[in-house]
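In what follows, a single structure is set out as C-alpha cells and then discussed.
Every read-out reported here was derived from the displayed coordinates using simple, explicitly stated rules and does not represent laboratory data. Everything quoted here is computed from the prediction, not taken from an experiment. Cβ placement follows ideal geometry from the backbone for every residue including glycine, while neighbour counts extend to all protein chains displayed.
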Amino acid sequence: MPATPVGQVRDRVRAAAVPLAAFGTTVCVGVAGFVALTGVSVVDASFWLLDPTSIELYFEHHSGPERATKAFAVVVFVALVLAGIWVGESALDAAFDGRLGRELTRMQTRRAIADLTDHVVICGHGMFGRTVANRLRERGRDVVVVERDAEERERIDDDALVVAGDARREAVLERAGVSRASAVVAGIDDSNANIQIGVATSQLAPESKLVVRVGDEMYESTARRVGADAVVIPEVVSGSDVVADL
C-alpha cells in the first residue's frame, strides 16, 4: 500500500536524521579529539574544524603531538566532507520529493542493463513472472524485469534490475536490452498482451528464445505464428504436475 503524505514526510525526516546525526557525531569526535591531543579549548578545537590552517599556526608556538594531530585532522576532515555530501544528497532528495533518488536508481539500472548480455527479460512480475525470475536468479542467471504497475514494482527486490513500462512497446523492450537477451518471457496475465510482446520481440530480437504465456489452448497457434519457441499454459502445467505427484 502506498505511503500516506504524512508517512512520506515522516520517512523523509527519518532519512535526513541519519546523515545529520553522522555529521554531528563527526564534529563532536573531531572537537573531542583535538582537545584530548593538544589540550586546547573546545572553542579553539571547533575553530580548527573551520580553519585547518590554524593547526599549523598552533604548532609554530606550541609543542605537542603535531604529526598525530595532523593525521587525526585529515581523518576528521575527510569524514566531514563525506557526511556533508550525504546531508546534501538527502536534502536534495527531500526537496525534490524523492525524485532525485529515483532518477539516480534509474540511471544505475540503465548502466547495469547496458553491460548485460545473454540475460533473460521477464515481462510481467505477477505470480508467474515472479516465480520464473526467482528460479532463474537462484541459478545465477541475469534477469531484467519489465513491469508497468508501480505497486508491483515496489514489491520487487531492491537488487533486481527493473524497467518501468509497457512491455508491448518496442522502446521499453529496448531499455531492457532485449536485443542482447538470450531469452524473453512474456508472462503477463493477458494472452493478447503476451502475443503482442511476442510480435515486438520477434522484430527486435529474432535470435532470442521466446516463451509466451497464454491462458487458453486456443491462443497457442497464434503464439507460435508470432515466433514463440515455447508456449506455456499455467493451468495445464500445474495440472500435469499434480498428476505427476499422484
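The Cα atoms of the range 44-91 define a convex hull whose projected area, averaged across directions, is 3.5 nm².
Add +1 for every Lys or Arg and -1 for every Asp or Glu among the other residues with Cβ under 15 Å from the Cβ of GLU220, and state the total.
Values: positive: ARG213, ARG224, ARG225; negative: ASP216, GLU217, ASP229, GLU235.
Charge balance in the 15 Å sphere: -1.
With contacts taken as Cα pairs under 8 Å at a separation of at least 6 residues, the range 118-246 carries a relative contact order of 21 percent.
Given a Förster radius of 41 Å and the C-beta distance between HIS61 and LEU82 as r, what FRET efficiency does 1/(1 + (r/R0)^6) yield to the nearest 0.05? Intermediate results must be reported in sequence, preceding the final value.
Numbers: r = 32 Å, r/R0 = 0.78.
About 0.80, to the nearest 0.05.
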